[in-house]
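The block underneath contains the structure these notes are about, expressed in structure tokens.
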Amino acid sequence: MSEKTATLENWATQRINFAQISPYLNNMRDFICETEIEGLLRSQTDVPASCVHDIIQKALAIETLSLKEAAILLNVRDKDLLSRMREAALAIKTKVYDNRIVTFAPFYTGNLCVNNCLYCGFRSGNPAINRKLLTVDEIKNEIEIIAGSIGHKRIIAVYGEHPESGIDYIISTMSAIYNTKIRTKNNSSASIRRVNVNAAPMQVEELRALKKAGIGTYQVFQETYHHKTYESIHPRGTVKSNYRWRLYSMHRAIEAGIDDVGIGALFGLYDWKFEIMGLLAHARELEKTFGIGPHTVSFPRLEPALNTPFAKASKYLLNDETFKKVITVLRLCIPYAGMILTARENASMRRDCFSLGITQTDASSKIGIGSYSQAGCGQKGNKQQFLLADTRSLDEVVLELAQDGFITSFCTAGYRCERTGKCIMKLLRSGQEGKFCKLNAVLTFREWLDDFASPRTKEIAENIINREISQIKSMMPDIFPAFMNYYERITQGERDLYF
Ligand code: SF4
């Protein structure tokens, strides 16, 4: 074994703190009970339509469903009931989040990783990948493009699990991102206002430091909730092979004061129905333990990656129709949560899925390391984790959303106004957050249209803005004068005004 490999292995063995898992176990068991999940999926078939309608009503009242109710929905095959479920999915999203779609940019900071997940292009055993970790200066160059040329206000910064991209690196890069201030071509100020982080499971002390550094949402995806599958695709001896260290990462985050967390599963690794039950069990466990559920749920589909045969050969890959059912059922199961659909999906799938209750999406995305600042840089398999299916610009996506009646929101106010944790749960369940969504969506959309939109997009989007303003006037007459004051100031060049 080389000295470098020995050092990495030594570092990896110190990552897991068992004392930070055991307090959350119940009789030494975790909260994913496979016997229960599989039993429900087997038994809850062919229930009366009235029962399905009752479950839909419960979801419309923004109540989290039970595992049994989820199993019933997952087994629905009747076309009329499925159609009713899809209508309800959109109604729930509109009730909780209004008709806006929040946008963000994915930002991969590097591709060093000590793990060796069979499905991932970045796995340590893949010699076909060019390894790179961005320096602070390179990070600033990337942010200048993301915030200054494209116009994003929020990013999800993605970090591999490696000693060189540990907590100190994460904090210094977050600081570099927040402190990069740009002037746009018409001399407005631009910057990233919210840094969400997707990183490996951390220890409580590290999570406290992340909170202090101003993290937005902390995301860790379980990949698969099925114990045996998890074990088979995460080679023994790697940090990631410890299922429970990952499963309880959100518990540790909330314990450390990060009350805005995102969960997810990588669909295609195991049976899709089981993964939905796993996500729901996770949400219910967080609600039960802390009174706080996940702020976002992600459900990426497994995509091809360079020199990674597993990604194409999995027997659990989903077709498009099944994937739409995944979104519909998840929307009903955890009705208060934000739902993230990414540019892994192609443009026409994305268009279809927005009407199933999606709340967040990315655009102008580049996931190669350092690719935003490399002009004309297309997708490069040897620099990215997988290949994107939708490489359209943010302007194109905004235009299509506007044509379909959605307003694109660049809002980052919730986190900065401390509408997180229990506070946001209450606002989401009562439909109150949608009010803030509407106001801030219009204000931030106005900023983006004036600073970054093409003439065509601006023209179409004006109709959406005007419609939203008249709705605000009739729905919120008390707040309308203050809103219009902010709106006028933004049209005159002021930035970052929010409720
Ligand atoms: S999925 Fe994540 S942890 Fe696994 S090899 Fe890829 S980058 Fe590393």
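The values are calculated or read from the model by the stated rules, or taken from the named source; none is laboratory data. Owing to the predicted nature of the structure, the values given are computational and were not obtained by experimental measurement. Backbone-built Cβ (ideal geometry, glycine too); neighbour counts: all protein chains shown.
Do you know which residues across region 34-54 are touching a residue at least 60 places away in the same chain (Cβ under 8 Å) and either in contact with a Gly (Cβ under 7 Å, 6 or more places away or on another chain) or surrounded by fewer than 18 Cβ atoms within 10 Å (Cβ to Cβ) (or both)?
If the condition is that a residue be touching a residue at least 60 places away in the same chain (Cβ under 8 Å) and either in contact with a Gly (Cβ under 7 Å, 6 or more places away or on another chain) or surrounded by fewer than 18 Cβ atoms within 10 Å (Cβ to Cβ) (or both), then Glu34, Glu38 are the ones that fit.
Does region 292-309 contain any residue that is surrounded by fewer than 19 Cβ atoms within 10 Å (Cβ to Cβ), touching a residue at least 40 places away in the same chain (Cβ under 8 Å) and aromatic (Phe, Trp, Tyr)?
Step one: of region 292-309, the residues surrounded by fewer than 19 Cβ atoms within 10 Å (Cβ to Cβ) are 300, 304, 306-307, 309.
Among the residues that remain, those that are also touching a residue at least 40 places away in the same chain (Cβ under 8 Å) are: 300, 304, 306-307.
Filter once more, keeping what is aromatic (Phe, Trp, Tyr): none.
Looking through region 292-309, none of the residues is surrounded by fewer than 19 Cβ atoms within 10 Å (Cβ to Cβ), touching a residue at least 40 places away in the same chain (Cβ under 8 Å) and aromatic (Phe, Trp, Tyr).
Can you name the number of the only condition in (1) surrounded by fewer than 20 Cβ atoms within 10 Å (Cβ to Cβ); (2) within 16 Å of the ligand (Cβ to nearest atom) that Lys288 fails?
The number of the failed condition is (2).
For region 364-385, check the following and say yes or no: at least one residue is outside any loop (DSSP other than H, G, I, E, B), modelled with pLDDT of 95 or more and within 29 Å of Cys411 (Cβ to Cβ). Can you show your working first?
In the first step, residues of region 364-385 are kept if they are outside any loop (DSSP other than H, G, I, E, B); the result is none.
Looking through region 364-385, none of the residues is outside any loop (DSSP other than H, G, I, E, B), modelled with pLDDT of 95 or more and within 29 Å of Cys411 (Cβ to Cβ).
Yes/no matrix, rows are residues, columns are (1) farther than 28 Å from Ser172 by Cα; (2) within 13 Å of the ligand (Cβ to nearest atom); (3) free of Cβ contacts under 8 Å to residues at least 24 places away in the same chain:
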{"residue": "Phe221", "(1), (2), (3)": "no, yes, no"}
{"residue": "Val261", "(1), (2), (3)": "no, no, no"}
{"residue": "Trp272", "(1), (2), (3)": "yes, no, no"}
{"residue": "Arg284", "(1), (2), (3)": "yes, no, no"}
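Give me the residue from region 205-234 that is of a type outside the set (Asp, Glu) and over 22 Å from the mean Cα position of the chain (by Cα) and, out of that set, surrounded by the fewest Cβ atoms within 10 Å (Cβ to Cβ).
This residue is Lys228.
List the pairs whose first member sits in region 240-257 and is within 14 Å of Ala199 (Cα to Cα), whose second member is small (Gly, Ala, Ser) and buried (at least 20 other Cβ atoms within 10 Å of the Cβ), and whose Cβ atoms are under 8 Å apart, counting only residues at least 6 apart or on separate chains?
Between residues of region 240-257 that are within 14 Å of Ala199 (Cα to Cα) and residues that are small (Gly, Ala, Ser) and buried (at least 20 other Cβ atoms within 10 Å of the Cβ), the close pairs are Lys240/Ala200.
Among the numbered criteria (1) within 14 Å of the ligand (Cβ to nearest atom); (2) assigned to a loop (DSSP other than H, G, I, E, B), which one does Tyr225 miss?
Just one mismatch for Tyr225, condition (1).
Counting only residues that are among the aliphatic types (A, V, I, L, M) and more than 16 Å from Arg284 (Cα to Cα), which one in region 55-72 is surrounded by the most Cβ atoms within 10 Å (Cβ to Cβ)?
Only one residue tops the list, namely Ile55.
Specify which of the listed residues (Asn99, Asn141, Asn116) is in contact (Cβ under 8 Å) with a residue 24 or more places away in the chain and in contact with a strand residue (DSSP E or B) (Cβ under 7 Å, 6 or more places away or on another chain). Outline the logic, then answer.
Working: Asn141 fails: in contact with a strand residue (DSSP E or B) (Cβ under 7 Å, 6 or more places away or on another chain); Asn116 fails: in contact with a strand residue (DSSP E or B) (Cβ under 7 Å, 6 or more places away or on another chain).
On inspection, the qualifying residue turns out to be Asn99.
Please go through region 195-211 and give me each residue that is closer than 23 Å to Pro23 by Cβ and either modelled with pLDDT under 95 or away from the ligand (no atom under 13 Å from the Cβ) (or both), ordered by number. Before the answer, list the steps.
So the first thing to find is which residues in region 195-211 are closer than 23 Å to Pro23 by Cβ, and the list is 199-211.
Hits for region 195-211 are Met202, Gln203, Val204, Glu205, Glu206, Leu207, Arg208, Ala209, Leu210, Lys211.
Give the residue that is nearest to the ligand (Cβ to nearest atom), with candidates limited to residues of region 115-133 that are of a type in the set (A, V, I, L, M) and at pLDDT 95 or above.
Ranking the qualifying residues of region 115-133, first place goes to Leu118.
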